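Sharing a structure here in structure tokens format.
The values are calculated or read from the model by the stated rules, or taken from the named source; none is laboratory data. The shown structure was predicted, so the numbers you read here are calculated from the model rather than taken from an experiment. Cβ sites come from the backbone with ideal geometry, for glycine too, and all protein chains shown count toward neighbours. Ligands, DNA and RNA are excluded from the accessible area calculation, which covers all protein heavy atoms including side chains. Shrake-Rupley method; radii C 1.70, N 1.55, O 1.52, S 1.80 Å.
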Amino acid sequence: MGAQQSVNAGKAKVDMHLDLTHMLCEALLLPPLRSSGVALSHIVGRISLKHPSLFGRSEKLDVILDKGINDSNVVVAFRRPRSEWLSQQSFVIQHSMTPEVAVHGFPADNFTRSGSRGINLSRLSFGLELNEPATSNWTSGTSVKFEHIRPVNNQGRSIARDHDGFPLTCSGNLHDNMIILKQESGYADVNDNSFLKVNFQMEQGLPLVPKSLTFNRVKCAVSKGIKLGPTFLVTSLTGGSIVGDMAPYQAFAIGGLGSVRGYGEGAVGSGRLCLVGNCEYTIPLAKHLEGSIFMDCGSDLGSARHVPGNPALRQGKPGFGIGFGYGLHFNTDLGQIRVDYAMNAFSRKTIYFGINSSGGS
């Protein structure tokens, strides 16, 4: 469920938003993805402050605070005005605190959910983002940022090792530092009968400060949709690779909503490589009601053993998973209500329940 309220304060505008998404497992409210123990764990409140002209020259300031039961995220972005044909510059500072269950969480209930080991990641970053002017169907962006990552326990104290004594960072210390150059390109061709979308991301860790991580991380996602009479078929393929220095939390996690449904977050596996395929066929049932059938599959391509500390292998994750099921989508004035019923390779069933507010982020 979602709710939003806007307040004008002089030239600044304050938006407050509340959104709720959670998972039901076999008709029972169970701890979703992060195993928080309460259904309220996925309530996220947002406060957004926007100033259109901070210094009187159309400089834009955006401050966003997202706060949930288990995580938080603060973003401060300052944008200077530039001509439309030039790259738009943004100076961004961000801090987040999130439970780390995708890699270090343990699979429970035949891999339908991931339980927490009490490991959280504190991320502090600052840097410059450049967004190129959109040309035809292409978009492009480049960023360079410094990132400081610190594993902490549930009490907020820094920790260097997991419950089995393996390092949580690449350096083996209480934190990792890295300077990341990121290039992202997107292509979208959309019409009434079909669409094609491609997204390519590449991150390069630069050895510009002592003990900083040097790596190359690539991820590419391609999705294709085709209208077949009144129905619609969507297929997608996502792949990724990372070479060089690596901390366990950088592994590609497979499993969960948006990956392989029927499994908990990261419950299929995590590795230096990943390959995930999705296929969904949607059928209109009524004016505001659609039905769908889907199949997801994903694999770490045998790369889990190359992740420092082998967290996926120690947790007994299979490294390959397949899920399939069906769903109902209700389009309302408040947004889309989506219910998906999925079953994994262990014949365990999961119901995903999502409400996306039309005034969402």
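Can you tell me how many residues within segment 56-92 are farther than 20 Å from Ser122 by Cα, aliphatic (A, V, I, L, M) and at pLDDT 85 or above?
Here the count works out to 1.
What about Glu184, is it acidic (Asp, Glu), open to solvent by less than 40 Å² (accessible area, probe 1.4 Å) and either farther than 24 Å from Leu237 by Cα or outside any loop (DSSP other than H, G, I, E, B) (or both)?
no
Something else about it: In this structure, does Gly244 turn out to be of a type in the set (Gly, Ala, Ser), surrounded by fewer than 16 Cβ atoms within 10 Å (Cβ to Cβ) and either at pLDDT 95 or above or in contact with a Lys or Arg (Cβ under 7 Å, 6 or more places away or on another chain) (or both)?
Judged against the criteria, Gly244 is a match.
Which is exposed (fewer than 15 other Cβ atoms within 10 Å of the Cβ) and touching a strand residue (DSSP E or B) at 6+ places or on another chain (Cβ under 7 Å), of Asn120, Asn137, Asn131, Asn70?
Of Asn120, Asn137, Asn131, Asn70, the one residue that is exposed (fewer than 15 other Cβ atoms within 10 Å of the Cβ) and touching a strand residue (DSSP E or B) at 6+ places or on another chain (Cβ under 7 Å) is Asn137.
Tell me which residues, restricted to segment 236-260, are within 15 Å of Asn199 (Cβ to Cβ) and of a type in the set (Val, Ile, Thr).
Within segment 236-260, Thr238 is the sole residue that qualifies.
Right, something else. Determine, yes or no, whether Leu86 is among the aliphatic types (A, V, I, L, M) and exposed (fewer than 15 other Cβ atoms within 10 Å of the Cβ).
Criteria met by Leu86.
Taking the condition of being open to solvent by less than 30 Å² (accessible area, probe 1.4 Å) and at positive phi, how many residues in segment 291-324 meet it?
Count: 2.
While we're here: So Phe353 ticks every box in (1) open to solvent by 50 Å² or more (accessible area, probe 1.4 Å); (2) of a type in the set (Phe, Trp, Tyr); (3) at pLDDT 95 or above but one. Which box is left unticked?
Single failed check for Phe353: (3).
Just need a number here: residues in segment 211-247 that are in a loop (DSSP other than H, G, I, E, B) and over 27 Å from Phe324 (Cα atoms).
Here the count works out to 7.
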